[in-house]
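Accompanying notes for the structure given below.
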Amino acid sequence: MAKNKNLPDSPGRYAYDGLDRVIHEKARLGILTSLAGHPQGLVFNDLKDLCSLTDGNLSRHLQILCEASLVEVWKSYGNNRPQTLVRLTPAGRQRFLDYVHVLESVVTDALAMTPASNDKPRLLPGLTPQ
């Protein structure tokens, strides 16, 4: 009989399979979060400033996100200068929201298991702290 994965002692209960490695990297998480709040997209320099990234770092992370079909990049010219617009794809938005849902469960689980500040951890018999 299969165990309910929602029970604390169930195998794989805390595996969090939905934590997507492409999204989970700090800079890419910041990029996707910034874009999620701007459905029309952001120009490259605004995105760079919001995420505190260099041109090269942002370009490399955008390349990875494009390859994963999470974002789309639009190039044009404005005021005789090249301009790059970045926005989430519909699939990228859904994948990001799914990722956030899994993160919420991580936080919920961690908070539920955090002892009150006056509780002292108990050691199993025979164990001593180092």
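Table: residues versus (1) within 11 Å of ARG87 (Cβ to Cβ); (2) among the aromatic types (Phe, Trp, Tyr); (3) at pLDDT 95 or above.
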| site | (1), (2), (3) |
| --- | --- |
| GLY18 | no, no, no |
| ALA27 | no, no, yes |
| LEU35 | yes, no, yes |
| THR54 | no, no, yes |
*Residues that are charged (D, E, K, R), in a strand (DSSP E or B) and more than 18 Å from the chain's Cα centre (by Cα), drawn from the stretch 40-80*: LYS75
*Those residues that are among the β-branched types (Val, Ile, Thr) and within 17 Å of LEU47 (Cα to Cα), I need them from the stretch 76-114; list them, please.*
THR84, VAL86, THR89
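Listed here are the residues, each with its yes/no results for (1) charged (D, E, K, R); (2) on the phi < 0 side of the Ramachandran plot; (3) surrounded by 14 or more Cβ atoms within 10 Å (Cβ to Cβ).
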{"position": "TYR16", "(1), (2), (3)": "no, no, no"}
{"position": "ASP20", "(1), (2), (3)": "yes, yes, yes"}
{"position": "ILE31", "(1), (2), (3)": "no, yes, yes"}
{"position": "SER34", "(1), (2), (3)": "no, yes, yes"}
{"position": "HIS38", "(1), (2), (3)": "no, yes, yes"}
{"position": "GLY41", "(1), (2), (3)": "no, no, yes"}
{"position": "GLY56", "(1), (2), (3)": "no, yes, no"}
{"position": "SER59", "(1), (2), (3)": "no, yes, yes"}
*Please enumerate the residues belonging to the stretch 81-96 that are in a helix (DSSP H, G or I) and either surrounded by 11 or more Cβ atoms within 10 Å (Cβ to Cβ) or charged (D, E, K, R) (or both).*
ALA91, GLY92, ARG93, GLN94, ARG95, PHE96
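Specify which of the listed residues (ASP98, ASP46, ASP20) is in contact with a Lys or Arg (Cβ under 8 Å, 6 or more places away or on another chain) and among the acidic types (Asp, Glu).
ASP20
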*Picking from ARG87, ARG122, which residue would you name as being more than 23 Å from LEU19 (Cβ to Cβ) and more than 17 Å from the chain's Cα centre (by Cα)?*
ARG122
*Using beta carbons and a limit of 7 Å, which pairs, at least six apart or on different chains, have the first residue in the stretch 51-75 and without any contact (Cβ under 8 Å) to a residue 12 or more places away in the chain and farther than 15 Å from THR89 by Cα and the second one surrounded by 12 or more Cβ atoms within 10 Å (Cβ to Cβ) and of a type in the set (Val, Ile, Thr)?*
LYS75/THR84
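The values are calculated or read from the model by the stated rules, or taken from the named source; none is laboratory data. On a predicted model such as this, the values are computed, not experimentally measured, just so you know. Every residue, glycine among them, receives a Cβ derived from its backbone with ideal geometry; neighbour counts consider all protein chains shown.
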